[in-house]
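As structure tokens, the structure follows; a few thoughts come after it.
Every read-out reported here was derived from the displayed coordinates using simple, explicitly stated rules and does not represent laboratory data. In this text the structure is predicted, and so the values were computed from the model without any measurement. Using ideal geometry, Cβ is built from the backbone for each residue, glycine included, and neighbour counts are taken over all protein chains shown.
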Amino acid sequence: MCLKMGVRYRTMNLISREELKALLESGGDFKLVNCLEAWMFRAKRIPGSIHFESLNSTLHSLDPETAIVVYCSNPGCTASELVYQHLIDHGFINTRRYAGGVADWEDAGYPLEGDRVKRVESERRAS
């Protein structure tokens, strides 16, 4: 635990873009959780991601022993920080956060899926 401006917080267990890509390519046994709102999840996400409507449904749907990676839109987004902390506080000790999120993944040219991705790809083919 660290102390910052009088507030205690846990240091986050992070995963890099390259580590996440390798984990996905290896078919590793883990859950990749998109922490954004449902419409954002439907629009664009890292392939293989899952989404939950609430923190409680996340807790009840995942196994605390399972490896979990949480992410959101970009390094400035706090949604994955909140979900990460909630999971850790409830005993999900194998949780990591991909801080770069969708923006970092997309900047690397890695594949994405979702309604917005499909629409952009079909528009490119049409032009």
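What about THR95, is it β-branched (Val, Ile, Thr), under 15 Å from LEU14 (Cβ atoms) and surrounded by 14 or more Cβ atoms within 10 Å (Cβ to Cβ)?
Yes, satisfied.
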ask   = Taking helices (runs of 4 or more DSSP H) that do not extend beyond segment 16-71, which have at least 3 residues that are crowded, with 16+ Cβ neighbours inside 10 Å?
value = 17-26, 38-43
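Within the bounds of segment 106-120, is there any residue that is closer than 16 Å to ASN13 by Cα and surrounded by 14 or more Cβ atoms within 10 Å (Cβ to Cβ)? Walk me through it before giving the result.
Looking only at segment 106-120, we keep the residues that are closer than 16 Å to ASN13 by Cα, and these are none.
No, the conditions are met nowhere in segment 106-120.
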message = Restricting to segment 85-107, name every residue that is farther than 20 Å from ASN56 by Cβ and either touching a Cys at 6+ places or on another chain (Cβ under 8 Å) or polar (S, T, N, Q) (or both).
response = GLY101, VAL102
query = When segment 86-101 is examined, which residues are found to be out of contact with any strand residue (DSSP E or B) (no Cβ under 8 Å at 6 or more places or on another chain) and either in a loop (DSSP other than H, G, I, E, B) or touching a residue at least 40 places away in the same chain (Cβ under 8 Å) (or both)?
reply = HIS90, GLY91, ILE93
